[in-house]
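The values are calculated or read from the model by the stated rules, or taken from the named source; none is laboratory data. Note that the coordinates shown come from a computational prediction; the quantities given were computed from them, not determined experimentally. Here the Cβ is made from the backbone with ideal geometry for all residues, glycine too, and neighbour counts use every protein chain on show.
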Amino acid sequence: MSTVIGPVQLYDKKDGSSERTSPQIFSNPLFDSRVYPNYRNIPYCIIREIRKDPTIQLARWAVLSPMIHTPWMYEKKKNGTQEMIDFLEENFSPLRNEFLLRAVFGTLDFGWQPFEVVLKPELGYIYIDEIKHLLHDITTILVYINNGKFAGFINQTFAYNVNVLIPEAYALNTNFETEGTDWYGYSVFQSLYKICESWDTVQTAANRYDKKIAGATWVIYFPVGKTLYKGVQTPNDEIANSLLDTLVASGGIAIPDDIQTWMDDAVDRETKGAWRIEILSADAQAQNTFIDRQKYLDSLKIRAFGLTERSLLEGSHGTKAEADVHGDVSLSVVDSRHRLLVERLNTTVVPRLLALNFGKKYAYAAGIRPAPLVDTQFATIKSIYERIIMDGDALAVEIESLDMKGMRDELGIPSSAGPKIIKEKVIANG
């Protein structure tokens, strides 16, 4: 464990690179590699409070869930071998879902998600023991002072009351949107903050209105003067208030008849000077205004996550075809984010792992690729495969020219037998 006291000064060895520009970041580090979130970022405590919103919870899981159900394919590239493919699959298969969970939620919520890549030697290989997610509150991003490239983290470790340096080789940072070399990225809550404030304002106004229409209001009209009440000459206003106390209602008022003269000229003159009791109630139709406004704000919350509202919320207009298009757009956004996360692994963790186990020249000899969510080629493969398994004669004819295992891998269907075995079974069955 490398502890840190004082400034951290890290410089990148360019190795003949033509790069000449300095770090592209607002808080440009001059003597320290530490970079802090800029003043526009929302405090993490507020983000944790806002994400309790049910609509936001739905949107967060709507981004993650398709990724969980989309398999990863491990493929070899130039100089790659099957051993490398098996090694990568053995490493990442047990870590995959947990990594996606932490990376998606952390990156959406805070704009970035720090990880420590923990390695472990075993059986002649160096495996990933854990991709440990770090708390944003006690983690600081490091950059190389000369060019602003990501250089690792500083993490405050409470157990030892020290700052621990996590170098680039053991650090992984995910983000979807960045400006320059500001690796803190963009939190969707930058967009959600004002939307949620507006939603809360509408809810507060709706609550006030609900109290007004929760029950009827009793109104007692009484003549000015005194009346014999319970054997005693009592002022009429005291009698009215006593009557109101006996009524089961949300509230009420007592109005002397003489004052009523200038308040309501439409009242029948014959009723003046007499006792009357009426019930006043508010119109409940105005509640629809609040509901429509909140539905619109909920739609904006969904859009902040890059999703279309018709793909998640109740659709009241448009055709089924239009709804399908909305769903495809949302899946395309999810697919793009999935690929960005996997690409981050392919440019950091995967090459380091291959270099440690097979040599530096094999660092990029294999990689990971997620199966496509929305893709015309994928749809074509799926359609062909469905037709083949429904028609045995077609399978017998086309099996020679089709890569059945490749099709099954693309669709995420487990394979237990090669094409030759399948062919033999089909021919044997006539």
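Points to keep in mind about this one:
- When we screen P23, P37 for residues that are closer than 22 Å to K132 by Cα and either assigned to a loop (DSSP other than H, G, I, E, B) or in contact with a His (Cβ under 6 Å, 6 or more places away or on another chain) (or both), the only hit is P37.
- Qualifying positions in segment 335-351 - within 21 Å of Q82 (Cα to Cα), of a type outside the set (V, I, T) and buried (at least 20 other Cβ atoms within 10 Å of the Cβ): L345
- Any hit, segment 198-220, residues being farther than 30 Å from T140 by Cα, of a type outside the set (A, V, I, L, M, F, W, C), at pLDDT below 85 and in contact with a strand residue (DSSP E or B) (Cβ under 7 Å, 6 or more places away or on another chain): yes
- So I126, is it over 25 Å from T181 (Cβ atoms), in the same structural domain as K52 (by TED's automatic domain parsing) and not basic (K, R): yes
- For F158: the one exception among (1) surrounded by 14 or more Cβ atoms within 10 Å (Cβ to Cβ); (2) in the same structural domain as F92 (by TED's automatic domain parsing): (1)
- Selection count, segment 127-176, where residues are at pLDDT below 90 and within 14 Å of P37 (Cα to Cα): 0
- Selection count, segment 75-127, where residues are among the small types (G, A, S) and either free of Cβ contacts under 8 Å to residues at least 40 places away in the same chain or under 14 Å from F358 (Cα atoms) (or both): 3
- So V118, is it exposed (fewer than 15 other Cβ atoms within 10 Å of the Cβ), aliphatic (A, V, I, L, M) and either under 30 Å from the mean Cα position of the chain (by Cα) or part of a strand (DSSP E or B) (or both): yes
- In segment 40-74, residue surrounded by the fewest Cβ atoms within 10 Å (Cβ to Cβ) [restricted to those that are in contact (Cβ under 8 Å) with a residue 40 or more places away in the chain and among the aromatic types (F, W, Y)]: Y44
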